[in-house]
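The values are calculated or read from the model by the stated rules, or taken from the named source; none is laboratory data. Just so it is clear, the model here is predicted, and its values are computed rather than measured. Every residue, glycine among them, receives a Cβ derived from its backbone with ideal geometry; neighbour counts consider all protein chains shown.
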Amino acid sequence: MASTGFTRLAQDGKARLGEITTTRGTIRTPAFMPVGTAATVKGMMPESVAATGADVLLGNTYHLMLRPGAERIDRLGGLHRFMNWERPILTDSGGFQVMSLAGLRKLTEDGVTFKSHIDGSRHMLSPERSMEIQKLLGSDIVMAFDECPALPADRDRIAESMALSMRWAARSREAFGDRPGHMLFGIQQGGLEEDLRGQSAEALRSIGFDGYAVGGLAVGEGQEAMFGCLDYAPDMLPEDKPRYLMGVGKPDDIVGAVKRGIDMMDCVLPSRSGRTGQAFTRRGVVNLRNARHADDPRPLDESCGCPACEGYSRAYLHHVIRAKEMIAGMLLTWHNLHYYQVLMGEMRAAIGAGAFEQWERGFHADRAQGDIAPL
């Protein structure tokens, strides 16, 4: 069995260039993980996702346990074979989705009992069951089971939730056991409270994990507050392990996170926005539903090498979006995922060259120009 681990190759300020070694391939960091919630990145074939440059995908424990079921996926050869993706897969623990069910769940020390949003059937998720499901799926990177309260929340609620998550982290570590070739990440909690973040990091370090996530952000606090937390939270985590910011985000969120020492991110935004006619470009977000594009023969982004930009005009993209044709979401999702991977590649190159600050200035300057003028 090949070894797993993290290697820092360079650092520029707090921004880190590295590699996560897994048995299914190397993940270049900083890395953006497209979200394949239900064993598919919506609107994309797996080979198309790979063509964008993605080294790793994210799968969702909650959705997969409900449909088609972790045991069924295991019988069919595991998640990689099931969805035809042979590169690494990280699975989240299901905690965030369960917590968002509000009235459909009951939280205890043991875990969470909840009703399925699909058919109302009752289920139980605990640290032990989450580890079991992620093992059945065959995840390369497994996430500890935690609770993630929405912000804003009062300090007592955040402290209580963090302490519970740390107890669950210890149970996750024990249930995960010794699994060569697979990695387990712990999740730091504590909201926007610096001392609680510190307590959480100390607890996680004492348990010991293969990587560490900054959880509990991108849940309504806004970018300024998130960056304020990221100014100190990653520094509390081990330097020799990967740091993963969960559920982030927009391109400027990602750049700001990398600047503050984050190595991995995931978000549904590129695919979800693609399905609603929004495209991310060097010059900011372009809404292709707008009538200004109806007669525009130019590409969405002349500097982009994705199929949407190389083969189709803004006028065509506008047409298929307004006509609700399937190809619209397919092309714009491909474009957005391609753009995100180009962004990650540029940051990796800049960090390696010791020029991240200069690159960042250019990134913001390009966005400040805004989209090209209409014809």
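Below are the figures for this structure:
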read-out: Selected residue (criterion: nearest to Tyr212 (Cα to Cα)) from residues of segment 178-189 that are surrounded by fewer than 22 Cβ atoms within 10 Å (Cβ to Cβ) and in contact (Cβ under 8 Å) with a residue 24 or more places away in the chain; value: His182
read-out: Checklist (1) at positive phi; (2) over 17 Å from the mean Cα position of the chain (by Cα) applied to Leu66, failing item; value: (1)
read-out: Spans of strands (runs of 3 or more DSSP E) in segment 74-146 with at least 1 residues closer than 23 Å to Val219 by Cα and of a type in the set (D, E, K, R); value: 89-92, 105-107, 112-115
read-out: Filtered residues of segment 44-59 (kept if surrounded by fewer than 20 Cβ atoms within 10 Å (Cβ to Cβ) and not hydroxyl-bearing (Ser, Thr, Tyr)); value: Met45, Pro46, Glu47, Ala50, Ala51, Gly53
read-out: Count - residues of segment 214-244 that are farther than 18 Å from Lys259 by Cβ, surrounded by 15 or more Cβ atoms within 10 Å (Cβ to Cβ) and not charged (D, E, K, R); value: 4
read-out: Subset tally (residues that are closer than 17 Å to Cys148 by Cα and among the hydroxyl-bearing types (Ser, Thr, Tyr)) for segment 186-215; value: 2
read-out: Segment 349-375, residues that are in a helix (DSSP H, G or I), surrounded by fewer than 22 Cβ atoms within 10 Å (Cβ to Cβ) and touching a Lys or Arg at 6+ places or on another chain (Cβ under 9 Å); value: Glu357, Glu360, Phe363, Asp366, Arg367, Ala368, Gln369
read-out: Subset of segment 81-99 that is more than 14 Å from the chain's Cα centre (by Cα) and crowded, with 22+ Cβ neighbours inside 10 Å - its residue that is nearest to Ser139 (Cα to Cα); value: Trp85
read-out: Restricting segment 144-160 to residues that are small (Gly, Ala, Ser) and closer than 25 Å to Glu174 by Cβ, the residue that is nearest to the chain's Cα centre (by Cα); value: Ala144
read-out: Residue match in segment 190-212 (condition: crowded, with 22+ Cβ neighbours inside 10 Å, modelled with pLDDT of 95 or more, in a loop (DSSP other than H, G, I, E, B) and among the acidic types (Asp, Glu)); value: no
read-out: The listed residue being in a helix (DSSP H, G or I) and either touching a strand residue (DSSP E or B) at 6+ places or on another chain (Cβ under 7 Å) or within 21 Å of Ala368 (Cα to Cα) (or both), out of Leu343, Leu331; value: Leu343
read-out: Flag if Ala54 is out of contact with any strand residue (DSSP E or B) (no Cβ under 6 Å at 6 or more places or on another chain) and either assigned by TED's automatic domain parsing to the domain that holds Ala257 or within 30 Å of Asp240 (Cα to Cα) (or both); value: no
read-out: Meets criteria (among the β-branched types (Val, Ile, Thr), buried (at least 24 other Cβ atoms within 10 Å of the Cβ) and in contact (Cβ under 8 Å) with a residue 40 or more places away in the chain) for Ile254; value: no
read-out: Meets criteria (within 21 Å of the chain's Cα centre (by Cα), assigned by TED's automatic domain parsing to the domain that holds Ala203 and assigned to a helix (DSSP H, G or I)) for Val248; value: no
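Here is a yes/no grid of residues against (1) assigned to a loop (DSSP other than H, G, I, E, B); (2) in contact with a Pro (Cβ under 7 Å, 6 or more places away or on another chain):
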position	(1), (2)
Thr21	no, no
Ile27	no, yes
Phe32	no, no
Ala38	yes, no
Lys42	yes, no
Gly53	yes, no
Leu64	no, no
